[in-house]
Amino acid sequence: MSYLRTAILLAGLTALFMGVGFLIGGQSGALIAFAVAAAMNLFTYWNSDRMVLSMHGAQEVDAATAPELVGLVRDLAARAGLPTPRVYVMDNPQPNAFATGRNPQHAAVAVTTGLMQHMSRQELAGVLAHELAHIKNHDTLIMTITATIAGAISMLGQFGMFFGGGHRDNNGGGGGLGLIATLAMVILAPIAAMLVQMAISRTREYAADDMGARIAGRPEWLASALSKLDAAAHAIENDSAERNPATAHLFIVNPLSGHGMDNLFSTHPSTENRIAALQQLAREMGGGDFGAGRTAPRAPTGAPSGPWGRRAAGPWG
């Protein structure tokens, strides 16, 4: 059902985009707008991972610099039937994480140093499994596309204001009516695009919670992590996210401090609702374990402090 809803929302976002182009320049305007958006999507398809990782100062680590963290990601990726993604660490006190990349073969998982310090080994496994679920579900590509189209709609709205809604005036709409229509387009179209983008993000978060809990085998691990993450996100500022708010939807919890209007305009579903869904899943799984003959992945010990002690390794040294 989540895939159907996502497809419907994507179709609605595309239709809104084409409608804005039509209002600006008729059929030709719609075609030109579509061509511009296609070029933007092509660029972000190939470069979105490098762009977002650079925005947040993420540094790649490997088996030599962070053996336990990379080993944990590798073990969970194997459980999920995925190739091991590249692993990055962000020097950021706020516990958080995100995944990026155009497909599972070109994916990356990034975690903050704050996440390493605040999470137990089980909670970290739950968070990483959630991010791997995003990769497995191709959410990283979906969210890149929706962000690009939403941005293009906002751009077209400003473009329409600059040209004054010429298409409607040229067809006898009247100057006053044309101006009103243009103003409505400029104000309402970007808001509508933002709401659709947020709805898609919320849908994908619930799906990633469910699949991530199944990958880790213990839904309560992710539920416990979400409780800690939500509290810390309100208390600890994420400077790089504040500078790049358009990337907020990528994180496992909203990294922005000023998100008091957390219902209609939130990029993430309610943490309480996510935890409740995970608790219900745990009951359905009978408490959930790693299954016969399986053990939990090893705990990462690369963090400079926290439940794993101190160790100088890579960017945590």
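What follows draws every value from the coordinates through simple rules; no lab data is involved. Keep in mind that this is a model prediction, so the values were computed, not measured. Using ideal geometry, Cβ is built from the backbone for each residue, glycine included, and neighbour counts are taken over all protein chains shown.
Structure notes:
- Peptides ranked, highest mean first, by Cβ atoms within 10 Å: ranges 125-132, 235-242: 125-132, 235-242
- Rounded, prolate or oblate (a/c below 1.5 giving rounded, otherwise prolate when a/b exceeds b/c) for segment 190-252 by Cα gyration tensor: oblate
- Whole-angstrom gap from segment 35-91 to segment 103-143, using each part's C-alpha centre: 9 Å
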